[in-house]
1. Mean Kyte-Doolittle of at least -0.5 plus a Cα span of 18 Å or more along the axis: flag which DSSP H helices in the chain meet both, please.
2. At 1.4 Å probe radius, can you tell me the per residue accessible area of region 196-248 in Å²?
3. Carbon and sulfur together cover what percent of the accessible area of region 1-111 at a 1.4 Å probe radius?
4. Using Cα-Cα distances under 8 Å and only pairs 6 or more residues apart, what relative contact order does region 53-133 have, in percent?
5. Sort Ser135, Ser80 by heavy-atom solvent-accessible area, probe 1.4 angstrom, most to least.
6. Antiparallel versus total DSSP beta bridges in region 4-151: what percent is that, nearest 5?
7. The chain: longest stretch without exposed GluC sites (Glu not before Pro) (DSSP loop, at most 14 other Cβ within 10 Å), sites themselves excluded?
8. Looking at the chain as a GNM with Cα springs under 10 Å, which of Met73, Met191, Met23 has the largest mean-square fluctuation?
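The values are calculated or read from the model by the stated rules, or taken from the named source; none is laboratory data. Bear in mind the structure is a predicted one, so any value in this text is a computation, not a measurement. For neighbour counting, all protein chains shown are included, and Cβ atoms are generated from backbone atoms with ideal geometry for every residue, glycine included. Remember, those area values only see protein heavy atoms, side chains included, never the ligands or the DNA or RNA. Shrake-Rupley method; radii C 1.70, N 1.55, O 1.52, S 1.80 Å.
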Amino acid sequence: MIDDVPLLEPNPAREAILEPSRMYRHRTDIARAVLCFFPEVVGARCAGAPRIVEVPTENGPYPVFDLDGVLVMNPPIGASMTAAALEMLIAVGVDRVIACGGAGNLEVDHPVGHVVVPTAALRDEGTSYHYLPPSRTVGATPAAVEAIRAELDARGEPYAVGLTWTTDAIFRETRERTSARRAEGCLTVEMEAAALFAVAEFRGIAAGQILYAGDDLTADEWDHRDWSRQLGVRERLFDLAIAAVQRL
């Protein structure tokens, strides 16, 4: 029975046993942050920048840098850990966040590197259901989307706007499921956006995301397209995220 699915059980309590505001005592007056999923870009751009706080994990600490008045973090991959990283940032004082990352491409005419701005994420993961009641999608903060679009327009950068598909299971992106998501209007597939937007809505902060079309899932055979080595694209998205969050 669908009513027996634990993920769909109501969870109306606002306060958790592990409440971030009690766990992270460090406070900062920096309100803006960028979550960048490109470790090589964060490593290069934040070399020498002050470390404000760290997110401790079994995989090692994830530092948060102060880059000229914007907090920058390379968060762990996946919805649950991205949500935890965002919770920590909110606890130390952040209320405006732009994330940037790569995504699987679901649109036939988007070359590798094409910029996509999600207005909403299809919730095919688990984390967002612990923050918001069940629904098919969760939206990015409209003000964050507008800030991203304003920066892209100012730079004359071509981009697409629409729905992204967030899933936990990269090895269960079947041909049938992918075709259905494309028919629904999803431009990309990734692992974090729905959780990012859900945490932001639950905590009452602004959050948006900038993606670029990476590996291609539109043809009969998957095409890696060398997407993870597009350093110029990744640096450009980081710069866009910094400028967009400063507009918020």
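1. Helices passing the filter in the chain: 79-92, 142-155, 231-247.
2. Numbers: 2190 Å² over 53 residues.
So region 196-248 comes to 41 Å² accessible per residue, rounded to a whole number.
3. On the way: 3170 of 5800 Å².
In region 1-111, the share of accessible area belonging to carbon and sulfur is 55 percent.
4. On the way: 39 pairs, mean separation 15.7, N = 81.
Over region 53-133, the number comes to 19 percent.
5. Highest to lowest solvent-accessible surface, that is Ser80, Ser135.
6. 60 percent
7. Values: sites that count: Glu15, Glu58, Glu221.
Within the chain, the longest run free of exposed GluC sites (Glu not before Pro) spans 59-220.
8. Top of the fluctuation ranking is Met23.
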